[in-house]
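Each remark here refers to the structure printed beneath this line.
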Amino acid sequence: MNSPIFKVFGFLVLTVVIYNWIGYAITDLSGGAKDTSAAVDISPEGGETLYWGKGRCYTCHSLGGQGSAVRGPNHGQFGEKFPLPMGARAAERAKERSEKTGEEFSAVDYVVESMAEPGAYVVNGYKNEMAVVYAPPISLNLTEIKAIVSYLMVQGGDLDMEAIDSAPSEISTKFYSKIQAAQAAGGGDPGAGATVWEDNCEECHSLEGEAMVGPDLSTIGDKGVKFIAESILNPAKTITPGFETYTVETKDGTKVIGVKTAEDGSMVTITNKNGEEQEFAKTDIKAMTVDENASVMPEDLNEAMTVKDFQDLQAFMIMQKAEKKDGE
């Protein structure tokens with residue numbers, strides 16, 4: 001029993017035990033991740049399970065004396081910096097948001113906003129670095145987010161399940177729509193998608209009901225995320241009528257490819273993919289043909305974007321719906 005082999009084996013067993021104990025201790029110290037494999041209800045109990053589990057809130061936040069994370073604000077009552085727990089604190093923050101935005105925020109609205117758009121209000125002394133919890137790798141769905149909102153509201157606040165779930169305010173509904181759009185797009189962030197749109201799309205497309213080099217996309221969300229994805233990945237697959245790609249060849253050998261944006265009895269205007277217009281007298285045109293398998297939209301657009309850019313853009317596009325325009 002005193003052979004070197006048994007000594008080595010014993011040492012390995014002891015090492016594994018110590019390693020597991022350290023891992024358990026660290027997890028327990030930061031709140032203790034709980035099993036969230038089963039679906040949770042929209043309730044404070046369900047939110048508690050997610051807060052200390054799948055939602056990973058405990059990795060940045062603590063709740064009073066529970067947990068030891070300090071990267072984000074403490075969600076409980078803790079020292080002079082946090083004299084009010086989160087539920088009561090949200091009511092005070094809602095007044096600040098109302099004054100700043102001109103909209104009437106409730107405590108629930110503030111908590112919902114803090115999860116849907118964490119950069120909207122950054123607590124003094126902290127950085128704008130909260131993860132987008134409805135995007136990978138956390139990927140909370142809307143039900144789970146509502147559950148966490150209810151858990152935070154019972155920390156010294158009034159629990160109003162109607163305001164959280166069955167009858168949310170217009171402000172909360174707006175943020176819920178943003179979260180649902182992100183889920184439909186595989187976890188993208190619509191806010192970041194707006195920036196991707198500005199960098200890659202708005203030179204040729206409009207969201208204001210105006211036709212440009214490319215069709216107006218103010219209601220493209222009504223066509224669904226599959227159509228949006230295909231339009232980006234394979235723009236020539238479905239060409240919107242009126243935006244066919246023309247090839248114009250003049251008698252002097254000039255060849256121009258683009259969208260026919262104007263035509264009268266004597267002139268034709270072709271706009272290329274860069275938005276540059278060229279006018280041609282019909283008497284100077286040798287041939288003008290339509291290429292049904294081509295689009296002036298760049299076919300390598302998806303290669304120029306990261307996977308995150310692609311998901312974010314889809315999330316932004318899915319929110320462009322007729323219902324949204326009618327409500328403006």
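The values are calculated or read from the model by the stated rules, or taken from the named source; none is laboratory data. What you see is a predicted model, and the numbers here were worked out from it, not measured in a lab. Here the Cβ positions follow ideal geometry from the backbone for every residue, glycine too, while neighbour counts run over all protein chains shown.
The table below lists the values:
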quantity: Complete set of residues in the range 95-109 that are of a type in the set (Gly, Ala, Ser) and in a helix (DSSP H, G or I); calculated: SER98, ALA107
quantity: Residues satisfying the stated conditions in the range 40-66, i.e. over 19 Å from LEU159 (Cα atoms), in contact (Cβ under 8 Å) with a residue 60 or more places away in the chain and part of a helix (DSSP H, G or I); calculated: CYS57
quantity: Residue tally, condition assigned to a loop (DSSP other than H, G, I, E, B) and at negative phi, over the range 195-234; calculated: 19
quantity: Odd one out for SER295, checked against (1) part of a loop (DSSP other than H, G, I, E, B); (2) at pLDDT 85 or above; (3) hydroxyl-bearing (Ser, Thr, Tyr); (4) farther than 25 Å from GLY186 by Cα; calculated: (2)
quantity: The range 74-95 residues that are outside the structural domain of ASP109 (by TED's automatic domain parsing) and modelled with pLDDT under 95, paired with ones that are part of a loop (DSSP other than H, G, I, E, B) and among the hydroxyl-bearing types (Ser, Thr, Tyr) (beta carbon under 9 Å, 6 or more apart); calculated: none
quantity: So LYS324, is it modelled with pLDDT of 90 or more and not aliphatic (A, V, I, L, M); calculated: no
quantity: Among (1) modelled with pLDDT under 90; (2) closer than 30 Å to GLU104 by Cα - the single one SER169 does not satisfy; calculated: (1)
quantity: Every residue from the range 131-145 that is touching a helix residue (DSSP H, G or I) at 6+ places or on another chain (Cβ under 9 Å) and either buried (at least 20 other Cβ atoms within 10 Å of the Cβ) or modelled with pLDDT under 85 (or both); calculated: ALA131, VAL132, VAL133, TYR134, ALA135, PRO136, LEU140, GLU144, ILE145
quantity: Any hit, the range 203-213, residues being modelled with pLDDT of 80 or more, over 24 Å from ILE270 (Cα atoms) and surrounded by 18 or more Cβ atoms within 10 Å (Cβ to Cβ); calculated: no
quantity: Residues satisfying the stated conditions in the range 244-276, i.e. farther than 10 Å from VAL213 by Cα, of a type in the set (Lys, Arg) and in a loop (DSSP other than H, G, I, E, B); calculated: LYS251
quantity: Hits in the range 160-171 - residues which are in a helix (DSSP H, G or I) and not charged (D, E, K, R); calculated: MET161, ALA163, ILE164, SER166, ILE171
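To keep it simple, each residue is scored yes or no on (1) more than 30 Å from ALA184 (Cα to Cα); (2) in contact with a Phe, Trp or Tyr (Cβ under 9 Å, 6 or more places away or on another chain); (3) modelled with pLDDT under 80.
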{"site": "PHE227", "(1), (2), (3)": "no, no, no"}
{"site": "THR250", "(1), (2), (3)": "yes, yes, no"}
{"site": "THR254", "(1), (2), (3)": "yes, yes, no"}
{"site": "GLU263", "(1), (2), (3)": "yes, no, no"}
{"site": "ILE270", "(1), (2), (3)": "yes, yes, no"}
{"site": "ALA281", "(1), (2), (3)": "yes, no, no"}
{"site": "THR289", "(1), (2), (3)": "yes, yes, no"}
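Here is a yes/no grid of residues against (1) under 26 Å from MET297 (Cβ atoms); (2) free of Cβ contacts under 8 Å to residues at least 24 places away in the same chain; (3) assigned to a helix (DSSP H, G or I); (4) of a type in the set (Asp, Glu):
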position: ILE138; (1), (2), (3), (4): no, no, no, no
position: THR173; (1), (2), (3), (4): no, yes, yes, no
position: SER177; (1), (2), (3), (4): no, no, yes, no
position: GLY193; (1), (2), (3), (4): yes, no, yes, no
